[in-house]
């Protein structure tokens, strides 16, 4: 599991490497001017430009972590998201957040690399 702390005051590029056919979880804590954001009523969306695309939203691959005032959420990659994909070059991925009553902002963007796993079965 990876925990990443991000602050809206600066753009963030995030490079993630995951093995094909395995699951993983990325934990993100978002701050604005050094203070955790309140995720109450927030919309969060993640997209990776694989084929087919990996798309996550709150309740479908993205979960907020209580208390919501700590600005923490998780993105879960399922084994099915990465099975059959061997991307030797990274694809673009990004995560956007819209706080209740606010404008959408980019939490991070960057590259997702799915590497071939050495195992086909465990």
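The values are calculated or read from the model by the stated rules, or taken from the named source; none is laboratory data. Note that the coordinates shown come from a computational prediction; the quantities given were computed from them, not determined experimentally. Using ideal geometry, Cβ is built from the backbone for each residue, glycine included, and neighbour counts are taken over all protein chains shown.
Each row is one residue, and each column tells you yes or no for (1) at pLDDT 95 or above; (2) surrounded by 15 or more Cβ atoms within 10 Å (Cβ to Cβ); (3) within 15 Å of the chain's Cα centre (by Cα); (4) over 23 Å from residue 116 (Cβ atoms).
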| position | (1), (2), (3), (4) |
| --- | --- |
| 5 | no, no, yes, yes |
| 32 | no, yes, no, yes |
| 85 | no, yes, no, no |
| 91 | no, yes, yes, no |
| 102 | no, no, no, yes |
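For the range 35-74, give me each residue that is in contact with a strand residue (DSSP E or B) (Cβ under 7 Å, 6 or more places away or on another chain) and part of a loop (DSSP other than H, G, I, E, B). Those that are in contact with a strand residue (DSSP E or B) (Cβ under 7 Å, 6 or more places away or on another chain) and part of a loop (DSSP other than H, G, I, E, B): 37, 39, 42, 49, 50, 53, 65, 71.
Do we find a residue being at positive phi and either buried (at least 16 other Cβ atoms within 10 Å of the Cβ) or at pLDDT 95 or above (or both) anywhere in the range 44-58? Spell out the reasoning first.
Start the filter on the range 44-58 by keeping residues that are at positive phi, which leaves none.
No; the residues of the range 44-58 include none that is at positive phi and either buried (at least 16 other Cβ atoms within 10 Å of the Cβ) or at pLDDT 95 or above (or both).
Do you know which of the residues in the range 15-26 that are surrounded by fewer than 16 Cβ atoms within 10 Å (Cβ to Cβ) and under 21 Å from residue 97 (Cα atoms) is modelled with the highest pLDDT? Ranking the candidates gives 25 first.
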